[in-house]
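**Student:** Quick one: the structure is below, questions incoming.
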Amino acid sequence: MKRNVFGQLILLKKLVIRTFAFITYIRFNKINHPNIKGAELFQQLPSKNVLFVSNHQTYFADVAFMIHAMETSLYGYPNQLKLRGILACPFVNFYFVAAEETMKSGLLPKILAYAGAITIKRTWREAGKEIKRPVDQNDTEKIKIALENGWVVNFPQGTTKPYAEGRKGTAHLIKNYKPLVIPIVINGFRRAFDKKGLLIKKRGTTLEMTVKPPLTINYDNDVETILHQVMLAIEQVEHKEK
C-alpha cells in the first residue's frame, strides 16, 4: 500500500479526509456561507515546494476549509465547496504545520493529524505559559521534507489572536528553502466557531477565504524583511492611527 514521505498510509489519509468531509461540508456550505476568491490559482501551481501562509482564527476549521477549497478547485470547481470535490481527493501531498501540543490534546485531534499535520514544538509557549527554547532541528527537517514532496500550509503567527507578532521561523523557511509563497487571508471563522473550530457559535456567518498571487521575494533579504512582507500579505500588520 502506498505511503507518503512520513510513512503514513495514503489510503488512510484519504479515509480521514472523506469521513470528516461530510461534517465539515454541512458546517461550511449549509449552516454558514462560503465566499472564496482566487482559488483558481490552485490549478496553476507546481506539485512541490509551495508554501501557503495564512492568518489563523481557529485551530481546526481554518485548515479544514482550505482543504475543501483546494480539493474542490483541483477537481474543477474553483471558488466553490463541493462535496464530490473533496471526496475525490485529487491531491493528497499537502501538509499543514501545527503545534504538537494541540494535535496531541485528545483523540479527535490525533485523528485529524492524519489529514496532513506536521507537528512541531512551540519555542515560545507551552501549556499556556511563556517559554524560551531553541528550535528543534527535527521540526524544520520535517517541513523541508514536506516542501520537497508537496504543499505546506503555515500560520506565521502561531496563534489565533489577530495582529499577533509573526514568528521568524516562517521567514527562515522561506529564506532557506526558497518555496513559492502563496498568501491566504481568511475571515469569519472566529465568529462562526469556537477557538478550536469544533463547536458552532453563530450560524449564517460568511466564511471568507482569499487566495492571493505568489509573493515576489528577494531571498537574499534578511528574515525581518521577509517576515514583514509575509505579514503584510496576510493582512496582519496593524495600522495605527497617528
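**Student:** Working only within the range 100-152, note down all residues that are among the polar types (S, T, N, Q), closer than 15 Å to V63 by Cβ and at pLDDT 80 or above.
**Tutor:** T119 - this is the single residue of the range 100-152 that is among the polar types (S, T, N, Q), closer than 15 Å to V63 by Cβ and at pLDDT 80 or above.
**Student:** On the basis of being touching a helix residue (DSSP H, G or I) at 6+ places or on another chain (Cβ under 9 Å), farther than 30 Å from D136 by Cα, of a type in the set (D, E) and surrounded by 14 or more Cβ atoms within 10 Å (Cβ to Cβ), does E40 make the cut? Spell out the reasoning first.
**Tutor:** Details: touching a helix residue (DSSP H, G or I) at 6+ places or on another chain (Cβ under 9 Å): yes; farther than 30 Å from D136 by Cα: yes; of a type in the set (D, E): yes; surrounded by 14 or more Cβ atoms within 10 Å (Cβ to Cβ): no.
Taking the combined requirement at face value, the residue does not satisfy it.
**Student:** For residues in the range 212-239 being touching a Pro at 6+ places or on another chain (Cβ under 8 Å) and among the aliphatic types (A, V, I, L, M), which is surrounded by the fewest Cβ atoms within 10 Å (Cβ to Cβ)?
**Tutor:** Here the answer is L215.
**Student:** So, one more: Taking the range 1-37 as the search range and keeping residues that are among the aromatic types (F, W, Y) and buried (at least 18 other Cβ atoms within 10 Å of the Cβ), which one is modelled with the lowest pLDDT? It would help to see each step written out before you state the result.
**Tutor:** Our first condition is that a residue be among the aromatic types (F, W, Y); within the range 1-37, this holds for 6, 20, 22, 25, 28.
Remaining after also requiring buried (at least 18 other Cβ atoms within 10 Å of the Cβ): 20, 25, 28.
Numbers: F20: 93, Y25: 96, F28: 97.
Going through the qualifying residues, I end up with F20.
**Student:** Condition first: β-branched (V, I, T) and not in a loop (DSSP other than H, G, I, E, B). Now tell me which residues in the range 198-242 satisfy that.
**Tutor:** Once the filter is applied, which keeps residues that are β-branched (V, I, T) and not in a loop (DSSP other than H, G, I, E, B), the range 198-242 yields I200, T206, T210, V211, V223, T225, I226, V230.
**Student:** Continuing with this model, one more query. Looking only at the range 181-197, which residues are buried (at least 17 other Cβ atoms within 10 Å of the Cβ) and either among the aliphatic types (A, V, I, L, M) or not in a strand (DSSP E or B) (or both)?
**Tutor:** V181, I182, I184, V185, I186, G188, F189, R190, A192, G197
The values are calculated or read from the model by the stated rules, or taken from the named source; none is laboratory data. As the structure is a prediction and not an experimental result, all values here were calculated from the model. All Cβ positions, glycine included, derive from the backbone under ideal geometry; neighbour counts span all protein chains shown.
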